[in-house]
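**Q** Sharing a structure with you now.
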Amino acid sequence: MLKGQIKEVEAIINDIVSRDESRINAASAHILSSGGKRIRPYFVLLSGSFGQNRHVELIKTAAALEIVHMASLVHDDYIDNSSKRRGKDAIHEVWDGQTSVQTGHYLLASALQLISDIDNTDFHQYFSDIILEVCYGEFDQLYDRYDSAVSLTEYLRRINRKTAVLIEASCKLGAMSTDTDAQTVFHLAKFGHFMGMSYQIIDDILDYTSSEEVLGKPVGSDIRNGHVTLPLMFAAEDAAVKKELNRLSAGQTDEYFNQLIDYVKKKGIEPASTVSRKYAEKAKFHLLQLPESDDRQQMEELLAKMTKRIF
Ligand code: 2DE
Ligand code: MG
Ligand code: MG
Ligand code: MG
Ligand code: MG
């Protein structure tokens, strides 16, 4: 049943990227065809299984959230100057920066159109709030660039905004589509929040530990872009590393960055993984407050998959 629903979500997205022959549609189709795990749609649909099933709303919400995610990736790769996504050339590489900006806007507007079909103003309000949060998260990150003194609180707030908010929204909007009770909505939202935090910390770890072949996107780019993330923050608890980190700037040499990456691999990965695991455990705690079902079981399995993908 879930697979069938995901197919319906795919059909909506496909429709949006094949409206005409324009370059924007070709670029949107390009990001769509590069795959993706459809994590957000899965969690919308699964979270919608705890109350009255409202099929059309769930499918549209799932598609809209995936499209916002796609839009944010198109812009993210341009902002991060990242040449690959899911093993394929990024849009700004195949075409150019202007095309990537326009494609992101097009996808975002299409998501808004889908959500406005749903006759529920709470939905509209919440949906626009989360998009704003994602924008704020990226702004936070921009302002924190090359700031070697960024605090743990600032880091956690930033990853919440740029990543966890959207995963939380998948669970919350899925639940809200079904008129389920406030307690269920609460636990699903918390589950999504903690899973999203765990997930972005792993993304930040993989930027140090993985390879482009495995990840389908360039690695080692956070530090080169001046983004101080959790693994680096832990490594910098060592005074010698902290001293090096204080010299972080855009003009640093390859040798400097490679040295810092080595330090992080030795000292920062283990403690950052522990924090990620703790968030995953919190997510699981909230999930287990809900009644047992096959769908809950699937959510538990997805959580495990998403939060254990180290290396
Ligand atoms: C992924 O972080 C974060 C993505 C949020 C991007 C949001 C933008 C502003 P990463 P990876 C650009 C809002 C834009 C919208 C809503 C259209 O660590 O490692 O850069 O996968 O992700 O590149
Ligand atoms: Mg990026
Ligand atoms: Mg980014
Ligand atoms: Mg990343
Ligand atoms: Mg990512």
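Each value in this text was obtained by applying a stated rule to the coordinates, not by laboratory testing. Computed from a predicted model, the values in this text were never measured in an experiment. Ideal geometry is used to build each Cβ from the backbone, glycine not excepted, and the neighbour counts take in all protein chains shown.
**Q** Set Lys and Arg Cβ to +1 and Asp and Glu Cβ to -1, take the dipole of the chain about its Cα centre, and tell me which of 180, 14, 116 lies farthest positive.
**A** In the chain, that residue is 180.
**Q** Tell me, what are the semi-axes, in whole angstrom and largest first, of the equivalent ellipsoid of the range 136-207 as set by the roots of 5 times the Cα gyration tensor eigenvalues? Write down the numbers at each step before the final one.
**A** Working: eigenvalues 159, 26, 18 Å².
For the range 136-207, the semi-axes come out at 28, 11, 9 Å.
**Q** List the trypsin sites (Lys or Arg not before Pro) within the range 75-136 that fall in a DSSP loop (any state other than H, G, I, E or B) and whose Cβ has at most 16 other Cβ atoms within 10 Å.
**A** Numbers: sites: 84, 85, 86, 88; in loops: 86.
Passing both the DSSP loop test and the Cβ count: 86.
**Q** Cut-off is 10 Å between beta-carbons; in what order do 181, 140 appear when sorted fewest neighbours first?
**A** On the way: 181 10, 140 18.
Fewest-to-most Cβ neighbours within 10 Å comes out as 181, 140.
**Q** Specify the inter-centroid distance of the range 115-193 and the range 38-62, based on alpha-carbon positions, in whole Å.
**A** 17
**Q** Dipole size in debye (nearest 20) for the chain around its Cα centre, Lys and Arg Cβ +1, Asp and Glu Cβ -1?
**A** Values: 36 positive and 45 negative charges, 131 e Å.
For this selection, approximately 620 debye.
**Q** Rg/Rh for the range 2-306 to two decimals, with Rh computed the Kirkwood way over all alpha-carbon pairs.
**A** On the way: Rg = 19.6 Å, Rh = 20.0 Å.
Rounded to two decimals, Rg over Rh is 0.98.
**Q** Just tell me which lysines come within less than 16 Å, Cα to Cα, of residue 266; anything on the same chain fewer than 8 places away is out.
**A** The reachable lysines, counting only those whose Cα sits under 16 Å from residue 266, are 242.
**Q** Out of the range 213-284, which GluC sites (Glu not before Pro) are coil in DSSP terms and have no more than 12 other C-beta atoms within 10 Å? Before the final figure, lay out the partial values.
**A** On the way: sites: 213, 237, 244, 255, 281; in loops: 237.
Here the sparse-neighbourhood loop sites are 237.
**Q** Another one. In the chain, with Lys and Arg counted as +1 and Asp and Glu as -1 at Cβ, which of these residues, 75, 128, 227, has the Cα nearest the positive end of the dipole, that is, farthest along it?
**A** Towards the positive end, the residue furthest out is 227.
**Q** Then there's this: Of the trypsin sites (Lys or Arg not before Pro) in the range 216-301, which ones lie in a loop per DSSP and count no more than 10 other C-beta atoms within 10 Å? Working shown, then result.
**A** Working: sites: 224, 242, 243, 247, 265, 266, 267, 277, 278, 282, 284, 296; in loops: 247.
Passing sites in the range 216-301 are 247.
**Q** Would you list 94, 241, 101 from fewest to most Cβ contacts within 10 Å?
**A** On the way: 94 13, 241 21, 101 16.
Sorted ascending by nearby Cβ count, the order is 94, 101, 241.
**Q** A further question follows. Could you tell me what % of all Cα pairs in the range 52-161 have separations over 18 Å? If you can, show how the numbers build up before the last one.
**A** Numbers: 3512 of 5995 pairs.
Everything past 18 Å amounts to 59 percent.
**Q** Calculate for the chain the 222 nm mean residue ellipticity that helices alone would give, adding -39,500 (n - 2.57) per DSSP H run of length 4 or more and normalising by residue count, nearest 500 deg cm²/dmol. Kindly include the intermediate steps, with their values, before the conclusion.
**A** Values: 17 runs with 224 residues, N = 311.
Result for the chain, helices only: -23000 deg cm²/dmol.
**Q** Follow-up. For the chain, set up a Gaussian network in which alpha carbons nearer than 10 Å are linked by springs, and say which option among 168, 292, 270 fluctuates the most.
**A** Top of the fluctuation ranking is 292.
**Q** What's the magnitude of the charge dipole for the range 95-193 around its Cα centre, counting Lys and Arg as +1 and Asp and Glu as -1 at the beta-carbon? Answer in Debye, nearest 20.
**A** Details: 7 positive and 14 negative charges, 61 e Å.
I would put it at about 300 debye.
**Q** Just to be sure I understand the rule: take each whole DSSP H helix in the chain, project its Cα atoms onto its long axis, keep it if the span is 24 Å or more and its mean Kyte-Doolittle hydropathy is at least 0.0. Which ones pass? All intermediate terms of the calculation are to be shown ahead of the outcome.
**A** Details: long enough: 55-79 (36 Å, 0.65); 97-116 (29 Å, 0.39); 121-143 (33 Å, -0.08); 182-209 (40 Å, 0.27); 269-287 (27 Å, -0.57).
The answer, listed by residue number, is 55-79, 97-116, 182-209.
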